[in-house]
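Just so it is clear, none of the values below were taken in a lab; they were calculated from the coordinates. None of the values given here were measured: they were computed from a predicted structure. We place every Cβ from the backbone using ideal geometry, glycine too, and count neighbours over all the protein chains shown.
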Ligand SMILES: O=P(O)(O)OC[C@H]1O[C@H](OP(=O)(O)OP(=O)(O)O)[C@H](O)[C@@H]1O
Ligand SMILES: O=c1cc[nH]c(=O)[nH]1
Ligand SMILES: [Mg+2]
């Protein structure tokens, strides 16, 4: 699987704010938005472009635009904190939604929302979810997208566990990963270590 760890001092300092237990909900959301900007910027780096003619006030020149803006799919709740910033970078993008809550006993994702275009064939998709822990939630989302014809899927995460990376690599669907870090592992409650805690709770409070 193609994976990119965005290794940049500014990304690392924003990740530090996210990790710091002293960051309150507002500080956490703010840092997540700023870090998302860097992750999406890198996720788009190799996207196909098309050229078109543009007139400046002085002359005619060649401009570029994305051939096909990706569909943005935040995974609720935690992915909500990434979608506005991703959309600001790619304003032409359409947005779909998947809602999942991990059962904290079985650690399996429990779906509660699926709001997506019927046919995703030929459309690149960026799945936005800050946490890739066991990978169950991301693999579930990828299966939903693949069942609608998506073949070009990028998981944009902030913190990944090696177990989640392995789950994506072996899920049998074409997917690439962009993340700010691959952490050490998971604890007995399947939280990422050192991680940043519960990314949904840290933005919005407990559910
Ligand atoms: O890789 P996994 O083991 O599946 O865990 C990762 C999932 O857990 C978190 O969501 P959570 O279920 O806590 O829901 P929330 O966003 O509403 O807090 C996170 O945002 C991922 O969706
Ligand atoms: O560390 C983790 C694991 C799952 N979900 C989170 O929000 N954080
Ligand atoms: Mg949560």
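Points worth noting:
- Nitroxide proxy distance, nm - points 7 Å out along Cα→Cβ at residue 21 and residue 88: 3.0
- Measuring max minus min along each principal axis, the C-alpha atoms of the stretch 139-185 give extents of 33, 16, 13 Å (largest first).
- Whole-number D in µm² s⁻¹ for the stretch 1-115, Kirkwood Cα-pair radius fed into Stokes-Einstein, 20 °C, 1.002 mPa s: 128
- q = 0.11, 0.13, 0.15 Å⁻¹: log10 I(q)/I(0) that the Debye formula gives for the chain, counting C-alpha atoms only: -0.50, -0.68, -0.90
- Share, in percent, of DSSP beta bridges within the chain that are antiparallel, nearest 5: 40
- The long axis of helix 80-89 is offset from the longest Cα principal axis of the chain by roughly 20 degrees.
- Cα centroid of the stretch 9-49 to Cα centroid of the stretch 124-189, whole Å: 17
- Spacing of the modelled spin labels on residue 68 and residue 113, each 7 Å from Cα toward Cβ, amounts to 2.6 nm.
- Restricting the calculation to Cα atoms, the stretch 105-207 yields a radius of gyration followed by a Dmax of 13.7, 40 Å.
- Cα convex hull, the stretch 49-134: 121 Å³ per residue, rounded to a whole number.
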